[in-house]
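The values are calculated or read from the model by the stated rules, or taken from the named source; none is laboratory data. In this text the structure is predicted, and so the values were computed from the model without any measurement. Only protein heavy atoms, including side chains, enter the accessible area calculation; ligands, DNA and RNA are left aside. Shrake-Rupley method; radii C 1.70, N 1.55, O 1.52, S 1.80 Å.
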Amino acid sequence: MSLFLIVALPFLGALLPGLMNSAGRQAVGGVTFMVTLTAFVGLLTNLPAVLAGEVVQTGFNWIPALGLNVTLMLDGLGFFFATLILGIGLLIIAYGRFYLSRDDNMGEFFTYLLLFQGAMVGIVLSDNILLLLIFWELTSLSSFLLIGYWKHLEAGRQGARMALAVTGMGGLVMIAGMLILGNIVGSYDLSVILQEREAIQADPMYLPALFLILIGAFTKSAQFPFHFWLPHAMAAPTPVSAYLHSATMVKAGIFLLARTWPVLSGTPEWFYIVTTAGLVTMILGAVIALFKHDLKALLAFSTVSHLGLITMLLGTGTAFGAFAAVFHILNHATFKAALFMSAGIIDHETGTRDIRILGGLRHLMPITFVIATLAALSMAGIPLLNGFLSKEMMLEEMGHTALFGPDWLVPVLVTVGSLFSAAYCFRLIAHTFLGGKRDPESYPAQPHDPGAGLWLPPAILVVLVVLIGVAPFLVEDFVKLVTASVLGIAAEVPDAHIKIWHGLVPALYMSIIAVVGGLILLALFRPLSRAWEATPRPEAKTIFDGIIAAFVALSRGLIHPLHNGAFTRYAMIFGVAVTAAGYHAWTTGVLGDATRTVQPAGWVEIAGWLMLVIAAVGLASMHHNRLLALILIGIVGLIVSIGFVFFSAPDLAMTQITVEVVTIILMLLALNFLPNHTPLETSFLRRVRDVTVAGAAGLAAMALSYHYLLRDAVTTPISEFHLANSYKGGGGTNVVNVILVDFRGFDTFGEIIVLGIAALLIFALTEALLNGPVRARLLNRVPDKPLSGTQHPMMMVVLTRVIFPVVLLVGFYIFLRGHNEPGGGFIAGLIVSIGVVMQYMASGFGWAEDRVRFPYHGVIGAGVLVAGLTGIGAWFVGKPFLTSDFTYVRIPPFDKFELATAALFDLGVFLAVLGAVMLSLESFSRLARRAHVKDSENPMDIDPSRTSNQNPAEVDIKGPDTPVGEGA
Amino acid sequence: MEVLVASAVGILTSAGFYLVLRLRTFPVILGMSLLTYAVNVFLFASGQLTVGSAPILRDGVAAYADPLPQALVLTAIVISFGMTAVVVMIALGSYLGADDDFVDDLANPADAPSDAEERP
């Protein structure tokens, strides 16, 4: 199977569990299992090539300019890790299916799990280091989701956040290191980088690259001093812990060390940093693990310790060290996953993971006892189990490693580490399973062995533990193959064999010391534990929380003064900053010579300018009277529209004036609710300050505009192209309209969508208001002004109905001629909506609503759809999206006229604008309608043709205490 | 003429910005509308001020006003209507919900419940 498919399968498959959630837990678990199985089988189809020593490669260029290629490669190392990820993944999925309770959303869980699996497979199969980094960050993100899966647990959320903070930050640091590495070599492809050992190690940037990459690897693999996140991630469901912390997530850092081993290892820096970090982590993890009472915490720290062991072996830089490391990765994955799953079973069946409460489970859970004991003994390094073999190799390798101090120091330290390691394994067995038979009632839940779904997956792993332990020659060739691809060009595979009996070598004595010492420690556990509890020691979480709190305080200190919730303050900061930046540019820049001459202005222009100035200044000074302010802003809009006409922009003028009308109507509707007076609240000094700042901003805008107007563009504008091709290419003589519907059709398409979204947002806000607490307030609201007796005057009703067809006709005309003369969909939409709004105003909301055939949402949708389909239509003739076409037809007795697809697009624009404007205004009037008056039953309050004896004015005078009908 | 247009842009900006700095929602909305006018006129003017030569192609005419800023400003006008409508709706909702129409919300963000979890 193609490598692409192997990586893509889990990602694609991640959709399925979520989608199939309603199909039941069995189906969800089954489909996840099948997806992983398919990927696993696909991986196995590449086994013959890998065994033959080939490197399977595939790829294509993604962003060549950045050196980012999607290239995948499968060699021994990649195959080894991919097998672990997918193989153990299969067991975890089977186990997880039975582990999760009915309350857990299984689809969500397996979706996260598959995402994570895909990211992991991506890491180990990537040939390009930039691609590897992408997958690396994906594992951080998806593991965050997995660890925090139980969202109701505070520990889960915090653990997930801590894991993301540490591994995500490490990943970011590593990006820098990888970029340096790629820069040294001149390629981001691993297959190239791995050949450049001398060049990389001789480069002055080798050390920074090494540091940065190591931080990434150490954070991921929980190496000291970044080890603290791993135990906190144990708040995750056990299948997650078993998966992330045995075979996958934490092994990603190890994988990276192994992958870059040929080029980065072998230098003193590598040796001292990596070996020391590994050694410290191994001993620290083992010691802490011994004194943990929570089964999963114990296993977590033992994982930290074993990761340290592997890191230490890779740090030695010798071929035998790498050999031992690869073998231990395999062994650790098998026994640790089995142990985590056993811990999950115990938790599941007894209701607790506290070792102090447990004991004697041997009698009640015999199957679990056998599985957990074999796995734990393997971890302790007992012969005939696989953990013994790799631990023996480790002791042999470290037995002759001199790191610092006297030669005997490192061997003694690793023996101490192994001793504690053996001790916590023995404690796990003894305190959980051994001991006298106890009453099942003495546990939080009645313990018994679980169904096969839970014990079979760990049992399969334990079979492997024993098989490798008894017959190591079975895997020796494979381990050597993997070792060869770790070593690459740097070294030869050692001529050593994995044997149970090496003779009476020092490693054997060290092993014996460790096991015997472990038993002694177990015997002395109680006093030791008391001493441990009494010893003060730094708590990593407290330190981490302290650091985070310091950063939070720093951000708050920076942000709160600027961002205190006062809009006025942001506006002030923004205005001052922009003006200051403009001033800086003005004083430091060079002003070019004016290339245009100033055009003379006549009296009419000056008069228009004066009106604008008076209206604007009047608005600013008299804005306390809100109705007056609205009139003044109407004047400003009017002058701006006239200005557009004057400066050769008829389309703009028409748009501006129609928008002006609907905006004023909208503001009036709003003013219906808002107070009609703005009180004077600011002090005189504050107003002086505001006037100063606003004056400076205006001066800056004026200066910019003035100098802009006097200079031609630096490069030739593209407008010439539009003028030249408007008729030839777009078939229209109104260049502005052709630009809108043809040249820049994609922009327009986006814009009508934005407009539609804005209208829907208004609708949604109205709904929220009407269904929320505001509703009652609206119903009880007393209008602050007496209402007119005749809200719908006869004159207005008659007039609006008479002119409605005329308005529609004008709109139609404006729409049709838009391509060649001023007009088009935007303007026609606005004109028609004004016509419709007039009906609402004149005859009342209820009357108008009864006559609306199509909901305005639908009109917006139809508009966007028509415009979009027009664009898609171009695909059918092999042209890109929104390519327009036009032709001329003649239907007697009419003149020859033009048919253009652009007109269809413009129809979409028309509909979207009409729908959006109407939906907005309708939403406002719905608020108004709910608020105070019942809609009159008749379109006209006073209608001479109606022979009724009721006083029509009564309808309106009805106060708020009258119940208001819904469908008046 | 350039002076007139440029000073109009400046005055609209000043008046708009002054109103934006007021404390109640209604003047702030009016101020934003004025700023919209200022920005639209500024963008429009960036194409050069031309009198009597609308970009409607005619036989025998060679000089036209720059159509591109016009097209951009046209959509800007329509979009700004949408924006104004949304802002007015938000202002209305906040007035009806809180019974005052102040723009400033001075609740201290430090007391928000979202970070209570981080505290021991």
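Within a straight-line Cα-Cα reach of under 23 Å, A:Lys896 can be paired with the following lysines, leaving aside sequence neighbours fewer than 8 residues apart in one chain: A:Lys728.
Classify region A:265-523: rounded, prolate or oblate, from the alpha-carbon gyration tensor (a ≥ b ≥ c, eigenvalue square roots; a/c under 1.5 rounded; otherwise prolate if a/b is larger than b/c)? It comes out prolate by the Cα gyration axes.
Using the structure shown, list the pairs from A:Lys296/A:Lys480; A:Lys296/A:Lys391; A:Lys391/A:Lys541 with a Cα-Cα distance above 27 Å, or answer none. As for pairs spanning more than 27 Å Cα to Cα, those are A:Lys296/A:Lys480; A:Lys391/A:Lys541. Note on chain A: with neighbouring protein chains present and a 1.4 Å probe, carbon and sulfur make up 71 percent of its accessible heavy-atom surface. Seen from all sides and averaged, what is the projected area of the convex hull of the Cα atoms in region A:423-562, in nm²? Dividing the Cα hull surface by four gives the mean projection, 19.1 nm².
When the alpha-carbon atoms of the protein assembly as shown are used, the pair Rg, Dmax equals 38.2, 121 angstrom.
For chain B, the mean residue ellipticity at 222 nm estimated from helices alone is -21000 deg cm²/dmol, where every DSSP H run of n ≥ 4 contributes -39500 (n - 2.57) and the total is divided by all residues, rounded to the nearest 500. A straight chain from A:His707 to A:Thr597 at 0.36 nm per residue would run longer than the Cα-Cα distance by 38.5 nm.
Give the separation of the Cα centroids, region B:43-93 to region A:246-261, in Å. With region B:43-93 and region A:246-261 each reduced to a Cα centre, they are spaced 59 Å. For the pair region A:478-547 / region A:435-460, the C-alpha centres are spaced 29 Å from each other. Only DSSP H runs of four or more residues enter the estimate; each adds -39500 (n - 2.57), and after division by the residues of chain A the mean residue ellipticity at 222 nm equals -23000 deg cm²/dmol. Partner aspartates and glutamates whose Cα lies under 16 Å from the Cα of A:Lys220, excluding those fewer than 8 positions away in the same chain, are identified as A:Glu137. For a test of the definition: using alpha carbon positions, the gyration tensor, and the 1.5 limit on a/c, classify region A:88-159 as rounded, prolate or oblate. Oblate, since a/c reaches 1.5 and b/c is not below a/b.
Classified by the C-alpha gyration tensor, chain B has a prolate form. Its axis ratio a/c, with a ≥ b ≥ c, is 1.5 or above, and a/b is larger than b/c.
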